[in-house]
Amino acid sequence: MSQTYALSCDCGKVTLTARGEPELSLYCHCPSCRDLYSVDIASLTAWSDDNIELPDESQLFVHKMADREMTRYGCAECGMTLFGRHKPGMPVVPHGVFRKANGGHLPEALAPTMHLFYGDRVIDVDDSLQKSQGGELVGL
Ligand SMILES: [Zn+2]
Ligand SMILES: [Zn+2]
């Protein structure tokens, strides 16, 4: 059974659909994610292009970090962040977008499995997940 996740922004104008399993679900502590999402820890899923239907760019705002290959997209109407594209190219959807569509809970199948770039952290996390000091766990 392939799970389908119907996601949308706050105002409902922009929708996206993810299907099946993400390639990755993780916490990222890298400085680029910190700057792109304005958070201390980015909590993200990464999807293959085949498993996600992204909205048309005409509906979106685009926050492109000029000096890094990092882009954030969200609803041009309400301003909610919906996804990003990072250096390796896969679309990335924050856990919060799934929580919002699922009564505040992250679907169990999307539970994060690791911390990436833990060596760059600004906050310590005391959990039992694998911690990659850089991107070596995913071959970055
Ligand atoms: Zn919106
Ligand atoms: Zn990152």
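Here, each number is a calculation from the coordinates, and none is a lab measurement. None of these values were measured; they are calculated from a predicted model. No Cβ is skipped: glycine too gets one built from the backbone with ideal geometry, and neighbour counts run over all protein chains shown.
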- Message: Tell me the relative contact order for the range 50-140 as a rounded percent, counting alpha carbon contacts under 8 Å between residues six or more apart.
- Response: 14 percent
- Message: Are there any trypsin sites (Lys or Arg not before Pro) in the range 1-109 that are in a DSSP loop and have at most 15 other Cβ atoms within 10 Å? List them by number.
- Response: Lys13, Arg68
- Task: Would you mind checking which residues have amide H under 5 Å from Leu60's amide H? H placed 1.01 Å from N; only 5 or more apart, or other chain.
- Result: Ala76
- Task: Work out from phi, with θ = phi - 60° and the Karplus expression 6.51 cos²θ - 1.76 cosθ + 1.60, the ³J(HN,Hα) of each residue of the range 96-104, listed in order in whole Hz, and give x for Gly and Pro.
- Result: x, 5, 6, 4, 4, 7, 10, x, x
- Query: Amide H to amide H, which residues 5 or more places from Ser43 or on other chains are under 5 Å from it, using H placed in the peptide plane?
  - Reply: Cys28, His95
- Task: Write down the percent of antiparallel bridges among all DSSP beta bridges whose residues are both part of the chain, to the nearest 5.
- Result: 85 percent
- Taking a threshold of 24 Å on the Cα-Cα distance, which of the pairs Lys100/Lys131; Lys13/Lys100; Lys13/Lys64 fall above it? Lys100/Lys131
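At 0.36 nm per residue, minus the direct Cα-Cα distance, what do Gln130 and Glu53 gain on full extension? Give it in nm, one decimal, please.
Result for the pair: 24.7 nm of gain on full extension.
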- For the range 34-47, in order, what is each residue's ³J(HN,Hα) by Karplus, 6.51 cos²θ - 1.76 cosθ + 1.60 with θ = phi - 60°, in whole Hz (x at glycine and Pro)? 4, 6, 5, 9, 6, 9, 7, 9, 8, 10, 9, 10, 10, 10
- Gain upon complete extension [Glu23, Arg68; 0.36 nm per residue less C-alpha separation]: 14.0 nm
- Message: For the chain, take N as its residue count and report Rg(C-alpha) divided by 2.2 N^0.38 Å.
- Response: 1.01
